[in-house]
Amino acid sequence: MVDHSYADLSLAALYDSLNPWGPGDDFYLDLVMSAGSVLDVGCGTGQLLRRARRDGHGGRLMGLDPAAAMLVQARQGDPDVEWVLGDLRSRLWHGHDFDLVLMTGHVFQVLLGDEELRRALTAVRGALSATGRFVFETRNPTARAWENWTPDRMREVPGADGSAVRVRYELLGPPVGDRITFTETFEGPSWDRPRVSRATLRFLGPERLADFLTEAGLTVAEQYGDWTRGPVTPGSPEIITVARPA
């Protein structure tokens with residue numbers, strides 16, 4: 001599924017400013033550097049894989065993303081990575097090619113339907129080696145992060161020309177089941193009018209996550225509530241899951 005806000009070249013150029021390197025990236029980088037072959041699903045601008053290559057990773061690195069504008073940024077940053085346009089349905093993943101499959105940046109939450117999620121996890125299982133790991137994070141639903149997604153919490157980031165771009169979020173109603181729908185609005189002097197995108201994210205708790213993983217032939221090996229590997233509690237911001245083939 002393409003995040004339409006980042007299908008736009010001018011917005012894709014903002015992505016790294018909106019998502020600067022942080023503790024989550026350090027967490028994932030350690031995993032990447034210890035794996036011989038890595039598939040990053042929904043890689044965006046490829047910030048993680050570019051950093052891994054720069055830090056000396058000499059194995060196979062593949063970044064997969066359905067937004068062509070994001071991969072333009074990725075290829076400009078490092079052509080020595082396999083950047084693939086598409087999603088997990090783009091290939092038959094039965095070669096068990098990867099020691100590590102990742103979904104970072106809460107990409108897992110854009111898998112909205114049960115069948116869509118099952119297909120994605122089955123593809124992940126097919127892409128993993130027998131001893132491989134699938135690692136992803138999703139926001140903890142009991143922490144209710146969406147309550148802070150209000151228009152008054154506007155952010156400013158530098159645009160490509162150095163001018164300030166203002167970004168704000170607004171919920172479109174209360175949660176519907178385990179789904180939250182919101183708008184993301186970008187305003188800056190480079191555009192004659194604001195750019196607005198609409199998105200929906202799914203918030204699954206640990207039990208439902210485990211159920212879907214089990215159906216796909218995966219099992220939860222470890223689970224953390226934050227990037228320091230603390231436990232999952234009702235107030236922990238994340239559910240960071242490490243799964244292995246069952």
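Laboratory data are not the source of any read-out in this text; all were calculated from the coordinates shown. In this text the structure is predicted, and so the values were computed from the model without any measurement. Backbone-built Cβ (ideal geometry, glycine too); neighbour counts: all protein chains shown.
Summary table
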{"item": "Relative contact order, percent, the chain [alpha-carbon distance under 8 Å, six or more residues apart]", "result": "17 percent"}
{"item": "The chain - share of DSSP beta bridges that are antiparallel (%, nearest 5)", "result": "65 percent"}
{"item": "Relative contact order (percent, whole number), region 120-246, Cα cutoff 8 Å, 6+ residue spacing", "result": "30 percent"}
{"item": "Within the chain, helix-based [θ] at 222 nm, where runs of 4 or more DSSP H residues each add -39,500 (n - 2.57), nearest 500", "result": "-7000 deg cm²/dmol"}
{"item": "P(r) histogram, all alpha-carbon pairs of region 75-197 included - 10 Å bins from 0, percent", "result": "10, 28, 30, 26, 6, 0"}
{"item": "Highest-first arrangement of 146-156, 74-84, 43-53, where packing means the average Cβ count within 10 Å", "result": "43-53, 74-84, 146-156"}
{"item": "Average projected area [Cα convex hull, region 43-102], square nanometres", "result": "4.0 nm²"}
{"item": "Relative contact order [Cα under 8 Å, 6+ residues apart], region 29-155, whole percent", "result": "25 percent"}
{"item": "For region 184-201, 3J(HN,Hα) per residue [Karplus equation, 6.51 cos²θ - 1.76 cosθ + 1.60, θ = phi - 60°, Hz, x = Gly/Pro]", "result": "10, 10, 10, 10, x, x, 6, 10, 7, 7, x, 9, 10, 10, 10, 9, 10, 10"}
{"item": "Ordering of 133-144, 222-233 by burial proxy (mean other Cβ atoms within 10 Å per residue, highest first)", "result": "133-144, 222-233"}
{"item": "D (Stokes-Einstein, µm²/s), Kirkwood Cα radius, the chain, 0.890 mPa s at 25 °C", "result": "132 µm²/s"}
{"item": "Vicinal HN-Hα couplings computed from phi for region 140-145 (Karplus, 6.51 cos²θ - 1.76 cosθ + 1.60; Hz; Gly/Pro x)", "result": "5, x, 6, 7, 6, 4"}
{"item": "Cα principal axis extents for region 181-246, largest first, Å", "result": "53, 27, 19"}
{"item": "Stretchable slack from residue 181 to residue 89, in nm (0.36 nm times residue separation minus alpha-carbon distance)", "result": "30.7 nm"}
